[in-house]
Amino acid sequence: MLNKEILSPQSIVVVGASNDVKKPGGKMLKNILDGGFKGDLFVVNLKEEKVQGIATHASVKSLPETDLAILAIPAPYCLEVVTILAQQKRTRAFIIISAGFGEADPAGAALEKQITDVVNSVNGCLIGPNCIGVITQNYKGVFTSPIPTFDPGGCDLISGSGATAVFIIEAGMALGVTFANVFSVGNGAQTSTEDILEYMDLHFDPSRDAPVKLLYLETIKDPAKLQKHATSLRKKGVKIAAIKAGSTAEGSRAATSHTGALASSDMTVRALFRKAGIVYCSSREELLSVASIFKYKPLQGKNIAIITHAGGSAVMLADALANGGLNIPPIQGPDAEKLKTYLHPGSSVANPIDFLATGTAEQLGIIIDYCEHKFDHIDAMVVVFGSPGLFDVEHVYNVLRVKLDLCKKPIFPVLPSVINAQKEIQSFIAQGHINFPDEVVLGKALTQVYKTPQPASEEVRLPAMDSESIRAIIDRNKDGYLNIKDTEALMYAAKIPQITMLVENQKDVLLSEVKKLDFPVVMKVVGPLHKTDAKGVLLNITSLEEASEAFDQLMRIEAATAVMVQPQLTGLELFVGVSKEPYFPHTILCGLGGIFIEILNDFAAGLAPISEREAKAMLRSLRGYKLLLGVRSTEGIDETVFIDIIKRIAGLVQIAPEITEMDINPLIGTNTTLLAVDVRVKIDRSIP
């Protein structure tokens, strides 16, 4: 946990500081000096009497009491230094920039733990090891450059990678993005990104603290803590965007269900971010574009006007916006015709509004005014204006600056001519504005911001279910897949409607029971995990004779233990499933079922528990959502029942967290009912 000694130390010692500013210890000290640290500054160096003008100590033993220690020495020496400082010098904050710890080998990990134990024993704070350090308003404790000017109205940056933090700062400063606190957590031995976010939440003061948080995550050690404090900060008005690197690798377990095969770490992380209201970004470029969007007026609707003098850029931007679900609606009517009279012949106002390469600053101002006051269906504007190098565009950017302040609708400036209009862009940024140099990156980022919902409610009422029966079923089973009888009982206890079924391994018994059913029926093999792949699903069985032949055929399949018979239903095939990533809440998936689950790859995911609003949003995010409503002669489904089933599955895994994979596929839906046809449930107590 952060403390006052790490945030606002009155005294700092740099252990391993050097006169050579090309070394980490030397650059660290120089940055602290250049940053104007006002407290007491000490240096420990075995070989030099003075380092950068500061008298040195040969050992930490001769130091006075010191709030913060920054260690730039080899890993093997860090434990002794930390121990002396913590126990003898009342040091309560440590930044270890050295590498060679948990990221290196088991011995390094053991050393890292010993150091952490020492810091914990005095209720101290440890940042790192293997990091670039910390930047606050009070000191610039990093060994890298550039050092951004501290702006409390800018962005707090928390990064698991020191180099990535530098790249983000560099690129952000070029765009006009400003920064407040920067934390490079490195290995996060004691203080993780989640811990820093927790401190920022618990101590948040809107009059003092940065309104934007940017996260670069390589690991999520405590998803529940991240969700809790991100949600809380979002509800306080803070905006958060994050990159989660390394999310595409398959889990360590082998997925044997459809849901398990579909699920990925990236999908689960995206679901976590949506639940917490964090904008998901896939690159540094996108992260900074989202941060830039945060600094402009909020987008209140999805209708965008593109104002440009470059047709190609407008087309690419329109594609990016439309692919992300935003609209570029036509602009037409008397006001549109009137606007054309102010523009050069050949200009178009249809949207994109193209006022040609010869467009003037005055024309730009008129176009913006029309979008602001006349075109009520327009929610925001993107202005793309570069320079071919033929004339000065300062007047154009001056108009843009004025309109950014005056207009109620957000305006996003794309100024791509970073060479031809370098002087004008720098002037634009110096006035406190931010540039988007690439229209496609802006388009993708804008759709991500718009699609990110408000944080989900922390309190979700679970649907009524037979909790005692559910627990009894789980408790009496070992890890693995539940048998058909217990699966059926589990669905009944969860009050999930399911089709009647007959399961038998004796042919004569099965045939005598089949007589009681209405034909046609479906017959399926019991035993193999993937029935369709094993050719173990036979449709349109219309007589006892066909049933007899089907039984023999199915029982010849390898691993067959019995045959299941069900009435053959017609309706839309859907699916609901469960996946469990270690330490994350259960991920609930839904979408079109049957074979389309793999072919179309059209599914939505959310983290349990799931509210009515979340379940509805999941369904409506599906590309095939119109099929649920009914298309042409195809009947739709009862959406409220589907939502209830999603909520029940999310509630079921709250009662039975041992469920790690689950499929209801297909779930046959009509406009009156939904019935679970094929259900598979796996429990695994080893997954936390």
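Each distinct pair of alpha carbons in the stretch 345-428 adds a 1/r term; the inverse of their mean, the Kirkwood radius, is 13.3 Å. Average projection, convex hull of the Cα set of the stretch 500-568: 3.9 square nanometres.
May I ask for the angle, rounded to the nearest 10°, between helix 223-235 and the longest principal axis of the chain, with both axes built from Cα atoms and the value confined to 0 to 90°? Compared with the principal axis, the helix lies near 70 degrees. Here the Debye sum runs over all C-alpha atoms of the stretch 393-551 as equal scatterers in vacuum, and log10 of I(q)/I(0) at q = 0.09, 0.11, 0.12, 0.14 Å⁻¹ comes out as -0.63, -0.69, -0.74, -0.89. Residue separation of Val122 and Ala174 scaled by 0.36 nm, minus their Cα-Cα distance, works out to 14.6 nm of gained length.
Computed from Cα atoms, the angle from the helix 78-88 axis to the main principal axis of the chain rounds to 70 degrees. Note on the chain: Rg/Rh from C-alpha atoms, Kirkwood Rh, equals 1.07. Our summary gives the chain a relative contact order of 9 percent, counting only alpha carbon pairs under 8 angstrom and 6 or more residues apart. With respect to the cross-link table entries Lys531/Lys626; Lys22/Lys113; Lys4/Lys275; Lys302/Lys403; Lys23/Lys244; Lys580/Lys616, which display a Cα-Cα separation exceeding 26 Å? From the list (Lys531/Lys626; Lys22/Lys113; Lys4/Lys275; Lys302/Lys403; Lys23/Lys244; Lys580/Lys616), the Cα-Cα distance tops 26 Å for Lys531/Lys626; Lys22/Lys113; Lys4/Lys275; Lys23/Lys244. For the stretch 601-652, report the translational diffusion coefficient in µm²/s to the nearest whole number, using Stokes-Einstein at 37 °C, 0.692 mPa s, and a Kirkwood Rh over Cα pairs. Result for D is 285 µm²/s. Between the stretch 1-78 and the stretch 577-614, how many Å separate their Cα centres? Cα centroid to Cα centroid, the span is 51 Å. Computed across the stretch 4-135, the Kirkwood hydrodynamic radius from all distinct Cα-Cα pairs reaches 14.5 Å. For the stretch 304-451, the relative contact order is 28 percent, taking Cα pairs closer than 8 Å that sit 6 or more residues apart in sequence and dividing their mean separation by the residue count. Taking 0.36 nm per residue of sequence separation and removing the Cα-Cα distance, the Glu394/Lys22 pair yields an extension gain of 129.9 nm.
Length available on full extension from Asp466 to Lys495: 0.36 nm per residue minus the Cα-Cα distance, which gives 9.6 nm.
Using a simple spin-label model with pseudo-atoms 7 Å out from Cα toward Cβ, Thr640 and Lys516 lie 3.4 nm apart.
Annotation note: GluC sites (Glu not before Pro) in the stretch 508-613 located in DSSP loop regions with a Cβ neighbour count of at most 14 within 10 Å are Glu558.
Read-outs throughout are calculated quantities, based only on the coordinates presented, and are distinct from any laboratory measurement. For clarity, every value in this text was computed on a predicted model and none was experimentally measured. FYI the Cβ positions are ideal-geometry reconstructions off the backbone, even for glycines, and counts take in every protein chain you see.
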